[in-house]
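Contents: one structure, followed by commentary.
The values are calculated or read from the model by the stated rules, or taken from the named source; none is laboratory data. Small disclaimer: the values here were computed from a predicted structure and weren't measured. Note that we place each Cβ from the backbone using ideal geometry, even for glycine, and neighbour counts take in every protein chain shown. Surface accessibility is based on the protein's heavy atoms, side chains included, excluding ligands, DNA and RNA. Shrake-Rupley method; radii C 1.70, N 1.55, O 1.52, S 1.80 Å.
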Amino acid sequence: MKLNAKIPEGKLEDKWKNYQAKSHLINPANKKKLKIIVVGSGLAGAGAAATLAELGYEVQCFCYQDSARRAHSVAAQGGINAAKNYQHDGDSVWRMFHDTLKGGDFRSREANTYRLAELSAPLIDHFVQQGVPFAREYGGVLANRSFGGVQVQRTFYARGQTGQQLLLAAYSQLYKMVRAKKVEMLPRHEVLDIVIIDGKAKGVISRNLAKGEIKRFAADAVVLATGGYSRVFRLSTLAIGCNGSAIWKAHKRGAYFAAPSFTQIHPTALPQTSEAQSKLTLMSESLRNDGRIWVPKKKGDKRKAIDIPEAERDYYLERRYPSYGNLAPRDIASRAAKERIDAGHGVGQFKNAVYLDFKHAIQKLGKKVVEDRYGNLFNMYEKITGINAYEEPMKISPAAHFSMGGLWVDYELMTTIPGLYAIGECNYSDHGANRLGANSLLQTSIDGYFILPNTINNYLEGELKAKQYGIDHPEFSKVEDEVREQIKKLLEVNGTRTVDDFHRELGKVMWQECAMSRNRKGLENAIGEIKHIKNEFWKHVKVTGSDNEMNPELEKALRLADFIELAELMCLDALQRDESCGAHFREEYQSEEGEAMRNDEDFAYVSAWEYNAGNFVLHKEKLMFEYVQPTVRSYK
Amino acid sequence: MKVTFKIWRQENTDAQGELKAYEVDGLSEDMSFLEALDHLNEILVLKDEKVIAFEHDCREGICGQCGVFINGRAHGPHNNTTTCQLHMRSFKEGDTIVVEPWRASSFPIVKDLVVDRSAFDRIIQQGGYITAKTGTAAEANAILVSKEVSDSAMDAAACIGCGACVATCKNASAALFTAAKINHLNKLPQGQPEAHRRLLDMTAQMEFENFGSCTFTGACEIECPADISISNIAEMNARYVKAKLFG
Ligand SMILES: Cc1cc2nc3c(=O)[nH]c(=O)nc-3n(C[C@H](O)[C@H](O)[C@H](O)COP(=O)(O)OP(=O)(O)OC[C@H]3O[C@@H](n4cnc5c(N)ncnc54)[C@H](O)[C@@H]3O)c2cc1C
Ligand code: FES
């Protein structure tokens with residue numbers, strides 16, 4: 001199949017308008033006859049479900065948690081970007097587009113990235129209207145701060161709980177439409193497979209997590225909004241239940257998977273402190289606005305941080321990247337930390353951390369201001385570590401955080417399966433090989449609120465006249481049987497190792513070989529190891545309890561089974577890309593100073609993988625740069 | 001580190017439950033409380049027993065999914081902290097730790113430590129939003145909101161919906177939860193047009209769900225992980241009278 005991104009005609013700044021002007025409309029009476037399934041209730045899913053319902057469609061929305069309000073969007077701390085230019089510091093749609101394209105190391109489409117910047121300002125208007133209590137100046141206008149990888153202040157925030165406030169706004173709009181009986185909300189329902197009939201997405205199979213019941217749901221279109229899959233590393237900043245299962249099942253049923261290996265490793269998480277650790281807590285990147293990152297100049301320095309004099313501290317980001325300093329983009333900051341840690345300068349119990357120091361900020365701004373800006377983060381730090389960060393520096397460490405990769409989608413956010421859409425973090429769209437901080441809340445929100453509701457009609461209009469299928473179609477029973485079969489198989493293994501035990505093993509392999517830096521040999525080994533883990537898993541895993549009850553162990557096992565397969569594809573993807581770009585750093589392709597070397601000649605494409613009976617076939621979507629010429633991405 | 005957990009086990013909503021004791025070794029002080037339960041669950045699996053069902057997701061104190069009674073206190077021994085943020089360093093070697101689900105008739109037990117808090121969603125459904133369609137907003141800075149108002153709306157909006165307030169209240173009242181959402185929206189200019197209706201509808205739903213009435217014991221604000229102040233309830237009550245008169 002040839003990939004068609006369906007980029008509209010016209011100049012960059014006219015493309016989205018041109019698209020909207022030409023897309024097919026559906027009259028309100030007909031919208032009522034169309035049903036849409038939205039899998040996920042994060043910012044992307046809840047925004048889409050609420051808006052589609054307002055437009056008149058019948059919507060069913062699924063999430064695995066007990067309430068839509070708990071989707072992991074809730075955990076975003078730092079903020080959301082918009083080109084409002086409220087600070088009068090030279091920001092514009094163009095600059096934001098340029099920053100995003102460059103931040104992603106020229107591995108995303110110009111047209112998508114431009115649209116992201118273009119829709120950012122109206123999104124802030126939208127959230128303010130919905131009652132999001134964004135931070136304000138004394139005069140009553142909205143406040144801003146800056147984030148990594150840019151030189152303007154375009155980030156809007158609600159204390160350290162921006163994601164929570166945006167999600168609660170979306171969630172409440174969703175429940176407004178539940179009250180209006182236009183959305184049926186199905187919490188504690190995990191979607192385990194997608195049903196494709198005549199090549200089109202026509203429904204899903206889900207498991208009720210409270211009761212274990214497996215059920216079929218039919219619709220005219222299916223929207224996946226299932227978030228990121230960085231839990232493949234096990235230790236990550238994601239929630240414990242975050243998974244790649246729905247998109248993986250969609251992939252196995254024909255949806256191409258784009259750039260699976262592009263994973264963002266966040267530079268400022270709390271370091272791992274024990275084997276039993278289940279997650280890594282993020283400390284917001286906004287801390288880098290005022291905090292300074294350093295390690296002791298002396299290897300293995302045993303002194304306490306406060307006893308190390310200024311002259312013996314290496315502020316390595318300021319040293320290596322003088323113009324961006326502590327605000328260097330995430331991939332660069334993480335790699336620089338890894339470089340120092342590997343060179344023996346790491347601090348903390350496991351020597352796996354660096355310092356993030358507020359001493360100078362407190363001296364300059366006063367404790368009150370620092371408390372006002374980051375108080376809740378300092379509190380959280382103290383709760384977890386028992387350390388008061390006003391008195392000694394925080395210890396931070398890189399952690400798996402965000403999946404740039406995801407299902408391949410065209411300009412309409414449709415996957416390669418007609419009628420199957422992917423929105424939010426689970427697609428590959430605007431961020432290229434590295435996402436800029438505060439651009440994801442933006443992307444997930446506009447995907448759900450603004451883009452999908454304006455593109456899905458283009459497809460659904462055709463479905464009005466198409467043949468209707470119900471859940472009694474044989475394809476539904478076939479897929480349901482396959483789901484039941486997989487569960488049965490898992491429960492029957494009755495081996496000797498726990499699901500978590502396998503997950504820890506997988507996570508270690510992925511973190512070693514497919515995270516901040518990669519090389520051919522390591523990736524090849526990793527693929528072998530992952531195949532081995534898969535084999536062992538299906539021979540030796542032990543899951544107790546049954547399928548017809550609430551069974552958290554079974555849920556974990558099903559998710560891990562998919563992660564293992566996804567992990568292999570991630571390594572394959574990293575292996576085929578013989579260049580370094582953004583978060584993808586191949587050790588073979590670096591300059592003498594250790595900077596990434598991109599190869600536009602051979603790799604200016606999006607990798608899009610097709611699943612073919614256990615094998616993966618690579619397709620390439622060539623990226624065209626008409627408006628911005630790719631340059632070396634320098635933050636020096 | 002070694003402790004004894006006494007954990008509530010209950011097969012399903014209709015079944016009888018009971019406390020079961022588990023002696024657990026091999027814990028460390030740096031483990032979170034939930035990681036200790038993970039550890040216990042791995043042991044149970046290998047002993048061919050069913051795992052203990054408990055709620056959790058973000059494990060960083062923001063999603064509100066976790067929450068159990070630990071030694072008689074909602075979310076454990078510390079004030080204003082979620083269960084997932086509790087660490088084993090808060091316990092001593094050899095301690096007996098009693099773990100029970102939230103107990104409130106409006107939160108039926110689903111299994112073991114898991115309860116059904118959908119009543120909260122239904123309260124929000126009755127007006128915990130601003131009625132405005134996507135795509136109809138005016139320029140954001142056209143609405144000025146003073147920093148004080150916006151900060152105090154944010155204080156109320158910080159609620160994570162965990163249900164500790166209900167669980168800890170001797171009357172099982174949901175007043176803190178409901179007041180927090182009403183005040184978040186009613187303080188802001190955007191929330192004004194629907195202020196009275198919101199207040200009346202949401203409090204009516206709260207009663208309909210059979211939550212008890214608030215008698216101002218203040219227990220809720222001590223446990224609330226988001227530091228929601230009990231003054232929110234006073235404000236809600238004061239405005240309730242106004243809403244009834246002028247609503
Ligand atoms: C700790 C943290 C901090 C962050 N901070 C920022 C920030 O400051 N700024 C920024 O821009 N971005 C930030 N991000 C990134 C951003 O928050 C996410 O990328 C974004 O919120 C993802 O939204 P989503 O709607 O795509 O997915 P999510 O919010 O993760 O929602 C996924 C939904 O899918 C459901 N789901 C998943 N699988 C299934 C299934 N199989 N069946 C049924 N339902 C399913 C879940 O229940 C959930 O409702 C942060 C991310 C993390 C982890
Ligand atoms: S697990 Fe999210 S608040 Fe505890």
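Points worth noting:
- Ordering A:L407, A:G386, A:Y449 by Cα displacement along the dipole of chain A toward the positive end leaves A:G386 in first place; charges were set at the Cβ atoms of Lys, Arg (+1) and Asp, Glu (-1).
- Per-q log10 I(q)/I(0), segment A:268-400, q = 0.11, 0.20 Å⁻¹ (Debye; single scatterer per alpha-carbon; no solvent): -0.35, -1.29
- Cβ-derived FRET efficiency at R0 41 Å, A:D342 paired with B:K2, nearest 0.05: 0.65
- Figure legend: label point modelled 7 angstrom from the Cα of A:I306 along Cα→Cβ; residues of segment A:375-401 with amide N under 11 Å from it are A:388-393.
- The simple Förster model, with R0 at 30 Å and r as the Cβ-Cβ distance, assigns B:E207 and B:K133 a FRET efficiency of 0.50.
- Charge-dipole axis of segment A:293-358 as Lys and Arg at +1 and Asp and Glu at -1 on Cβ define it, positive-most pick from A:P329, A:Q349, A:L317: A:Q349
- Accessible area per residue for chain B is 39 Å², calculated with a 1.4 Å probe on protein heavy atoms, without ligands, DNA or RNA.
- Förster radius 30 Å - calculated FRET efficiency between A:N548 and A:K521, Cβ distance, rounded to 0.05: 0.05
- Shielding of A:116-128 by partner chains, average beta-carbon count, 10 Å: 3
- Amide H partners (placed H, <5 Å) of A:M516, local residues excluded: none
- Taken residue by residue and averaged, Cβ atoms of other chains lying within 10 Å of the Cβ of B:118-126 number 5.
- Projected label distance in nm at A:E13 and A:D472, using a 7 Å step from Cα toward the beta-carbon: 5.8
- Residues whose amide H comes within less than 5 Å of that of B:V98, counting only those at least five positions distant or on another chain, are B:K6, B:N71 (H built at 1.01 Å from N in the peptide plane).
- Spin-label pair A:N4/B:R197, simplified geometry with 7 Å Cα→Cβ offset, distance in nm: 4.6
- Label-to-label distance, nm, for residues given as A:Q512 and B:K244 (7 Å Cα→Cβ offset): 6.9
- Chain B: most fluctuating residue of B:A140, B:A53, B:A175 per GNM, C-alpha cutoff 10 Å: B:A140
- Residues of segment B:8-23 with amide N under 17 Å of the 7 Å Cα→Cβ point at B:L46: B:22-23
- Size estimate for the protein assembly as shown follows the Kirkwood approach: the inverse of mean 1/r over distinct Cα pairs works out to 27.5 Å.
- Applying the Karplus relation 6.51 cos²θ - 1.76 cosθ + 1.60 with θ = phi - 60° to segment B:212-219 yields 3J(HN,Hα) values of x, 8, 7, 10, 6, 7, x, 4 Hz, where x marks Gly and Pro.
- The phi torsions of segment A:395-404, fed into the Karplus equation with coefficients 6.51, -1.76 and 1.60 and a -60° offset, translate into couplings of 9, 10, 7, x, 8, 4, 9, 8, 9, 5 Hz, rounded to whole numbers, with Gly and Pro shown as x.
- Cα-Cα over 24 Å, subset of A:K298/A:K367; A:K102/A:K364; A:K35/B:K181; A:K33/A:K181: A:K298/A:K367; A:K102/A:K364; A:K35/B:K181
- Accessible surface buried upon A-B contact (total; probe 1.4 Å; Å², nearest 100): 6400
- Rg/Rh for segment A:385-440, where both radii come from Cα atoms and Rh is the Kirkwood radius: 1.26
- Relative contact order [Cα under 8 Å, 6+ residues apart], segment A:474-622, whole percent: 23
- Chain A: angle of helix A:93-103 to the longest principal axis, Cα-based, in degrees nearest 10: 80
- The share of C-alpha pairs in segment A:1-129 whose separation exceeds 27 Å stands at 36 percent.
- Note on segment A:193-273: Cα Rg divided by 2.2 N^0.38 Å, N the number of residues, gives 1.35.
- Unit charges on C-beta of K, R, D, E only; dipole of the protein assembly as shown, Debye: 1120
- The heavy atoms of A:Y605 present about 10 square angstrom of accessible area, all protein chains included, probe 1.4 Å.
- Look at the alpha carbon pairs under 8 Å that are at least 6 residues apart: their mean separation over the length of chain A gives a relative contact order of 20 percent.
- Kirkwood radius and radius of gyration were both taken over the C-alpha atoms of segment B:3-110, and their ratio Rg/Rh is 0.94.
- Per residue, the convex hull volume that the Cα atoms of segment B:118-246 enclose (Å³): 112
- Among B:A158, B:H196, B:A175 - extreme Cα towards positive end, dipole of segment B:118-246, charges at beta-carbon: B:H196
- Relative protection proxy for A:134-145, A:8-19, A:399-410, from highest mean packing down: A:399-410, A:134-145, A:8-19 (other beta-carbon atoms within 10 angstrom).
- Cβ charges +1 (Lys, Arg) and -1 (Asp, Glu), total dipole of segment A:331-395, debye: 60
- A 1.4 Å probe run over the protein chains yields, for segment A:34-133, 18 Å² of accessible area per residue, whole-number rounding.
- Fully extended contour minus Cα-Cα distance, from A:N388 to A:T496, at 0.36 nm per residue: 34.6 nm
- Kirkwood Rh in Å, taken over all unlike Cα pairs in segment A:474-622: 17.4
- Protein-only accessible surface order, largest first, of A:F625, B:F91 at 1.4 Å: A:F625, B:F91
- Amide hydrogen neighbours beyond the local backbone of A:Y421, cut-off 5 Å, H modeled: A:V222, A:V223, A:L224, A:T415
- Dimensionless Rg ratio for segment A:37-92, taking C-alpha atoms and the 2.2 N^0.38 Å reference: 1.52
- Table column - 3J(HN,Hα) (Hz), segment B:174-184, Karplus curve with 6.51, -1.76, 1.60, x for Gly and Pro: 9, 5, 5, 4, 5, 5, 4, 5, 4, 5, 3
- Accessible solvent surface per residue of segment A:474-622, calculated while the other protein chains remain in place, 1.4 angstrom probe, Å²: 42
- Over chain A, DSSP H runs of length four or greater, each weighted -39,500 (n - 2.57), average out per residue to a 222 nm ellipticity of -11000 deg cm²/dmol.
- Angle of helix A:474-493 to the longest C-alpha principal axis of chain A, folded into 0 to 90 degrees and rounded to 10: 50°.
- Residue by residue along B:38-46, Cβ atoms of other protein chains within 10 Å of the local Cβ number 5 on average.
- Sulfur and carbon atoms: percent of accessible area, chain B [1.4 Å]: 51
- Taking the square roots of five times each eigenvalue of the Cα gyration tensor of chain B, the equivalent ellipsoid has semi-axes of 38, 19, 16 Å, listed largest first.
- Student exercise, segment B:118-246 dipole from Lys, Arg, Asp, Glu Cβ charges, in Debye to nearest 20: 380
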